[in-house]
Each structure stands twice: as structure tokens, then as C-alpha cells.
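Structure first, then comments.
None of the figures in this text is laboratory data; all of them are computed from the coordinates on show. What you are looking at is a predicted structure, and each value in this text was computed from that prediction instead of being measured. With ideal geometry, Cβ positions are generated from the backbone for all residues, glycine too; neighbour counts draw on all protein chains shown.
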Amino acid sequence: MAFEFEPGRFYQVDQQGHLLAEVTYQPIKDGAVYALDHTFVDPSLRGQGVAHQLVAAVVELARREGKQILPLCPYAKKEFDRLAEYADVYYKNPEGAQYEQ
């Protein structure tokens, strides 16, 4: 699935402009890390790997930009813990979910 992009967000809307899928992230640690804080997939698209594709889009962006990712969203956290191929961008914050902006 192809996603629209704007800083801090990858998303997809339908022809009427209703949100179908979205992942959001924000720069933290002086811009060196992206806090991936939200994923959403409309029920009509669930079970098709769309959430995985959204997280992968942020991972690809982080790799291109030389950044790391702190997965705060429960789905993203599960993906990062499950997929060894994300280890290169996985920022494991020693303070847990608390972070400095």
C-alpha cells in the first residue's frame, strides 16, 4: 500500500477523505530519535499487514536519515521486539517510556 507523507506522519485516506491508516512519530533527543507514538488501521483493512507496512515506512525513513526509533505505541513496540531486522534503529531508552524532548 502506498502512503501519503507529511513530517511526523505516514497515512492513507479514502476517496472521501476519511482516514484509513496512520502512523505518527515525533522527533526527540534533539532530533536524533523518532518517538513512534501511534498506529491506526481502519477495521476494513485489518489483517492485511497495513500496520506492519506503516511501521516499516518509519523504519525506512529513520535509516535514510540516520536516526533511531523509540517505539511507544504498543503495536510498534511489539514489532520492534519481534523483528531482529529493526535492531539497527531500535532506541532502547534506559528511562523506559519517559523521554526528554
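Determine which residues of the stretch 38-53 fall in the zone a paramagnetic label at Asp81 would reach in this model, i.e. backbone nitrogen under 15 Å from the point 7 Å along Cα→Cβ.
none
Looking only at the chain, where both bridge partners belong to it, what percent of the DSSP beta bridges are antiparallel (to the nearest 5)?
If we restrict to bridges inside the chain, about 75 percent are antiparallel.
Working out 0.36 nm times the residue gap between Arg64 and Arg9, then minus their Cα-Cα distance, what length gain in nm do you get to one decimal?
18.2 nm
Enumerate the whole-percent occupancy of each 5 Å bin, from 0 to the last occupied one, for all C-alpha pair distances of the stretch 4-86.
Going from the shortest bin to the longest, the percentages are 3, 15, 28, 25, 17, 8, 4, 1.
Measuring from label point to label point, each 7 Å out along Cα→Cβ, what is the Met1 to Asp88 span in nm?
About 2.6 nm separates the two model spin labels.
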